[in-house]
Amino acid sequence: MLSLHKTLEMPSADTALPGRAAPIPTAQTHFVNGHALKGPYPEGLETAIVAMGCFWGVERVFWKVPGVYVTAAGYAAGITPNPTYEEVCTGRTGHTEVVLVVFDPKVVTYEALLKTFWENHDPTQGMRQGNDIGTQYRSGLYVTSDAQAAAAAESKAAYQQALSARGLGTITTEIAPAGPFYFAEDYHQQYLAKNPNGYCGIGGTGVVCPIGLGVEG
């Protein structure tokens with residue numbers, strides 16, 4: 001284990017760990033459905049990248065959604081190239097634990113995935129999710145197009161309105177362009193399918209996201 005102190009502050013390019021040039025090893029196929037984890041994916045599919053806390057529970061939420069082709073646990077929105085889990089946990093890579101969601105937009109829309117995103121974690125907690133504390137547990141939407149950026153921002157505003165109506169706090173979710181996605185180690189992939197009684201640290205607020213309900217944001 002690294003003898004580096006964990007921090008709740010994001011590192012700079014000068015203070016981030018150096019990482020490595022080559023990707024770390026991971027699984028080849030999805031443990032649940034057998035699809036190729038890194039592709040190539042069928043034509044017409046799109047990708048979404050979400051951060052909602054510990055990626056074990058997040059990935060399970062999304063692989064169950066009809067229209068999702070494959071999911072993968074990984075790291076994004078940081079500085080260190082090709083980080084390991086131990087490095088990410090120090091807080092000195094800048095990454096958050098994310099899930100890559102490859103989906104068929106003819107079956108499930110990005111807006112529907114956003115509804116799943118908002119309702120299955122608490123997006124008001126800053127650098128934590130429940131008892132999990134650290135920069136890698138922050139909430140985030142990392143968008144791959146202008147259309148995703150617009151939809152994410154609109155959904156954030158709508159969900160903030162719903163949370164405020166219930167007396168809950170301000171959303172801290174970051175919305176940013178998707179940078180490099182680094183696949184996590186083999187044992188993290190589809191962890192809760194391999195370990196059904198394993199730890200799942202995510203939980204929603206109980207507030208319904210008004211996407212698709214005719215409620216104006």
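Overview of results
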read-out	value
Nitroxide proxy distance, nm - points 7 Å out along Cα→Cβ at ASN82 and THR124	4.2
Relative counts (whole %) of C-alpha pair distances in the chain, using bins that are 10 Å wide	8, 35, 37, 17, 2, 0
Approximate spin-label separation ARG166-ILE133, in nm, with each point projected 7 Å along Cα-to-Cβ	2.5
Rounded accessible area of CYS89 (nearest 10 Å², 1.4 Å probe)	30
At R0 = 25 Å, FRET efficiency that the Cβ-Cβ distance of ASN33 and ILE175 yields, to 0.05	0.30
Share of carbon and sulfur in the accessible heavy-atom surface of the chain [1.4 Å probe, %]	55
Charge sum, other residues only, whose C-beta stays under 15 Å from ASN33's C-beta, Lys/Arg counted +1 and Asp/Glu -1	+2
Antiparallel DSSP beta bridges within the chain, as percent of all bridges there, nearest 5	85
Span-like helix ranges in the chain, DSSP H, alpha carbon extent 18 angstrom or more, Kyte mean at least -0.5	146-165
For segment 94-139, convex hull volume per residue from C-alpha positions, Å³	77
1.4 Å probe accessible area per residue over the chain, in Å²	46
For segment 33-129: rounded, prolate or oblate by the Cα gyration tensor [a/c cutoff 1.5]	oblate
Of the trypsin sites (Lys or Arg not before Pro) in segment 19-127, those whose Cβ has at most 11 other Cβ within 10 Å and which sit in DSSP loop	LYS64, LYS106
Full-extension gain in nm, SER145 to ASN195, via 0.36 nm per residue minus C-alpha separation	14.5 nm
Charge sum, other residues only, whose C-beta stays under 14 Å from ALA152's C-beta, Lys/Arg counted +1 and Asp/Glu -1	-3
GNM top mover of HIS35, HIS95, HIS121 - the chain, alpha-carbon springs below 10 Å	HIS35
Top of PHE103, PHE31, PHE181 by mean-square fluctuation, Gaussian network on the chain, Cα under 10 Å	PHE31
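The values are calculated or read from the model by the stated rules, or taken from the named source; none is laboratory data. Just so it is clear, the model here is predicted, and its values are computed rather than measured. Using ideal geometry, Cβ is built from the backbone for each residue, glycine included, and neighbour counts are taken over all protein chains shown. Areas reflect the complete protein model, heavy atoms only, side chains present, ligands, DNA and RNA absent. Shrake-Rupley method; radii C 1.70, N 1.55, O 1.52, S 1.80 Å.
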